[in-house]
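First up is the structure itself, then whatever we jot down about it.
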Amino acid sequence: IAKEVAKLLEMKAQLGDEGKHKFVLKTPKGTRDYSPKQMAIRERVFNTIISCFKRHGAEVIDTPVFELKETLTGKYGEDSKLIYDLKDQGGELLSLRYDLTVPFARYLAMNKVTNIKRYHIAKVYRRDNPAMTRGRYREFYQCDFDIAGQFDLMIPDAECLKIVHEILSDLQLGDFLVKVNDRRILDGMFAVCGVPDSKFRTICSSVDKLDKMPWEEVRSEMVGEKGLSPEAADRIGEYVQLHGGLDLVERLLQDPKLSQNKLAKEGLGDLKLLFEYLTLFGIAGKISFDLSLARGLDYYTGVIFEAVLLQQEKDHVEEGVGVGSVAGGGRYDGLVGMFDPKGRKVPCVGVSIGIERIFSILEQRIETSQEKIRTTETQVLVASAQKKLLEERLKLVSELWDAGIKAEVLYKKNPKLLNQLQYCEDTGIPLVAIVGEQELKEGVVKLRDVATREEVNVTRESLVEEIRMRTSRP
């Protein structure tokens, strides 16, 4: 008994120590908090993206942050190991969503929707080893736009590329290029190069690394780790280093080996049509047909694309920021059928905007330029020049709120006028509405422009109109 008691006392002592451990204040690995300044930049980006999606006629949907585990299993190829599984809750095995595309396909199948153009902006989760300096996280936002339905070839696909072009131009991120390929061309290329069917997907994910690794390393991964014959790897090498525009599509349609492959020929025919539409949209100059583009996800069936920023500002931007993919997507005609009990297919094409990467670049740029960012939208501060006017300030600010004006008041009974003006300087509030005894007698409010320091007396009745007019100017 003495032994047991001693053991228990020892455990108790250990637990006692545990309780005194310092509490660590940090966000979990691969996540971050956003300050008001960061959120202001973020909102600006979201608004640009949403207005583009709406301009193209998209509706908005939302889905749960977790799905049944079986919904996500087997849809992401080698990336499936990055799915976050949750503990069994009430008899259901759940996982956090990995992207917004698979939940969208589940939504379409479940609700028997055969035709929709939608956007969805929400957080997704990946159990990745994150490189946070490059805008890669374990919890991050995706901004997706998808067109589902049976339509004539390549028209929705061309619109998705036009959307990428519009958003990247509107955000003024610098020069960019959208790489385009087709899963069928890749599969056809693998077939004519002598890759066994069973190795298509795994070789595809090696090719997908060509934007990060030199060809020699990718080749040795294919041959050394994945058991591909050196001859097949070399044949692949001849193709994946090609890129160009419509001219390359035409050339490959004449290629003696590729043109014999049914899949590749179909893919090339569609790309030719796609380039015709891109020319009509006036964006073909920014699109490059690139045979090394593979996009590792299993569900793509046709056209695939990825937008990359071309780094020109080496001096301003920290290494690693500003290079790499900022949008990607493609056609996935089979995914909805995987969920539909009758296997009904709903053709889909979509694009995802890499908001975190874009956000990292803009944040970096604003740091460098030391641009002042407003974190509130307050249009006017209600102030007073004398003491004992708190009631008047509160009455006026309430009138302004009721009229839909964004207004603030300092939470002090008798603030100094100088402090009130300084608050406007610090937070970027453009106008001050000053109430004083003289103004109250005359039924006016003194409106002061913070930037120019010019003051005018405005009647109480026309104050709202005057504030609206002054703050709606660009």
Task: Amide H partners (placed H, <5 Å) of CYS143, local residues excluded - done: ILE353, ILE355
Task: Carbon and sulfur %, accessible surface of the chain computed with the full protein complex present, 1.4 Å - done: 53 percent
Task: Potential lengthening between GLN89 and LEU390 on full extension [0.36 nm per residue; Cα-Cα distance subtracted] - done: 103.0 nm
- [ ] Over 18 Å, how big is the tail of the calculated P(r) for region 380-472, in percent of all Cα pairs?
- [x] 37 percent
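Express the accessible area of the chain per residue in Å², computed with a 1.4 Å probe while the remaining protein chains stay in the model. Provide the component values of the computation, followed by the final result.
Values: 24870 Å² over 474 residues.
With all protein chains present, the chain gives 52 Å² per residue.
Only Cα pairs under 8 Å and at least 6 apart count here; give the relative contact order of the chain as a rounded whole percent. Walk me through the intermediate numbers first.
Numbers: 765 pairs, mean separation 71.3, N = 474.
The normalised contact order for the chain reaches 15 percent.
For region 324-425, take N as its residue count and report Rg(C-alpha) divided by 2.2 N^0.38 Å. Please report the intermediate quantities before stating the final value.
Numbers: Rg = 26.0 Å, N = 102, 2.2 N^0.38 = 12.8 Å.
Normalised Cα radius of gyration, region 324-425: 2.04.
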Task: Protection proxy ranking, peptides 138-148, 35-45, average beta carbon neighbours within 10 Å, highest first - done: 138-148, 35-45
Task: Using alpha-carbon coordinates, inclination of helix 155-170 to the longest axis of the chain, degrees - done: 40 degrees
Task: Between helix 2-19 and the chain: long-axis angle, C-alpha atoms, 0 to 90°, nearest 10 - done: 70 degrees
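If you wrap a convex hull around the C-alpha atoms of the chain and split its volume per residue, what is the figure in Å³?
Details: hull volume 122.4 nm³, N = 474.
Per-residue hull volume (Cα only) is 258 Å³.
The values are calculated or read from the model by the stated rules, or taken from the named source; none is laboratory data. Keep in mind that what you see is a predicted model, and the values were worked out from it rather than measured. For neighbour counting, all protein chains shown are included, and Cβ atoms are generated from backbone atoms with ideal geometry for every residue, glycine included. Note: accessible area is taken over every heavy atom of the protein model, side chains too, but ligands, DNA and RNA are not part of it. Shrake-Rupley method; radii C 1.70, N 1.55, O 1.52, S 1.80 Å.
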